[in-house]
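Encoded as structure tokens, the structure appears first; notes follow it.
The values are calculated or read from the model by the stated rules, or taken from the named source; none is laboratory data. These figures come from a predicted structure and were not determined experimentally. Ideal geometry is used to build each Cβ from the backbone, glycine not excepted, and the neighbour counts take in all protein chains shown. The area values use the complete protein model at the heavy-atom level, side chains included, leaving out ligands, DNA and RNA. Shrake-Rupley method; radii C 1.70, N 1.55, O 1.52, S 1.80 Å.
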Amino acid sequence: MTPDRERYPRRSERTDASAWGERLAEGYRGISDRIMRELPFFNKALSVEAIGFRGHEGGIVGVMVTPRFMNVVISAPHGTAQSSTGPRSGLRLRFPCGALEFSPAEVAPVGPIASASLFSPMFGFDDMASTRGIAEAALAVLMSPVDHPASHWPNAPWLGLIDRRHFLRGGLAERRT
């Protein structure tokens, strides 16, 4: 009999990615419950949730929402943990929308990850429903291919790789100095 992964690879990959995201959320829940709950930057209206985790170029990517941050998180590419030169070393990863700078880390129970901050702290968010909607929108932008910017703005040589400040603020077409 053929395993489901071979017969329905997309369903199995989606299930695996979702399960990985939930294990990551479990790790962050433990951190929030033990350490962060009483800190001043903890938004008690929010909870920890894994949003839209899916396969991407041999890894898993999604958005992690916590009461203190919203990050794009990807399972660390092979060799990331060994090749990093310290906790502040960056990792530039390409997505359909462009490249983002990620920071490698390790979170139990999933091991090495890389994350890019979207929001921190989370005081601008009133409830999980609206926060979830913003996380889903951010992931949709991240995974949407962008036409070559020069075709839309031929006199805009300043357009380059996006950065996280401009990622959700709609500032991708603004001049950066």
| task | Among the numbered conditions (1) under 19 Å from ALA135 (Cβ atoms); (2) at pLDDT 80 or above, tell me where GLU106 comes up short. | result | (1)
| remark: Checked the range 92-134 for anything touching a Pro at 6+ places or on another chain (Cβ under 6 Å) and open to solvent by 40 Å² or more (accessible area, probe 1.4 Å); matches are PRO96, GLU106
| Which of the residues spanning the range 51-65 are out of contact with any helix residue (DSSP H, G or I) (no Cβ under 6 Å at 6 or more places or on another chain), surrounded by fewer than 19 Cβ atoms within 10 Å (Cβ to Cβ) and in contact (Cβ under 8 Å) with a residue 24 or more places away in the chain? | HIS56
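Suppose the filter is touching a strand residue (DSSP E or B) at 6+ places or on another chain (Cβ under 9 Å), in a loop (DSSP other than H, G, I, E, B), open to solvent by 50 Å² or more (accessible area, probe 1.4 Å) and at pLDDT below 95; does ARG88 pass it?
On the way: touching a strand residue (DSSP E or B) at 6+ places or on another chain (Cβ under 9 Å): yes; in a loop (DSSP other than H, G, I, E, B): yes; open to solvent by 50 Å² or more (accessible area, probe 1.4 Å): yes; at pLDDT below 95: yes.
Against the criterion (touching a strand residue (DSSP E or B) at 6+ places or on another chain (Cβ under 9 Å), in a loop (DSSP other than H, G, I, E, B), open to solvent by 50 Å² or more (accessible area, probe 1.4 Å) and at pLDDT below 95), ARG88 qualifies.
State all residues of the range 41-79 that are under 23 Å from THR15 (Cβ atoms), β-branched (Val, Ile, Thr) and part of a loop (DSSP other than H, G, I, E, B); if no residue qualifies, say none. Step through it out loud before you land on a result.
Of the range 41-79, the ones under 23 Å from THR15 (Cβ atoms) are 47-65, 71-78.
In the following step, the residues that additionally are β-branched (Val, Ile, Thr) were identified as 48, 51, 60-61, 63, 65, 72-74.
Residue satisfying the conditions is VAL48 alone.
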| query | Mind checking which residues of the range 26-50 are under 13 Å from ARG68 (Cα atoms) and buried (at least 17 other Cβ atoms within 10 Å of the Cβ)? | reply | TYR28, SER32, PHE42, ASN43, LEU46, VAL48, GLU49
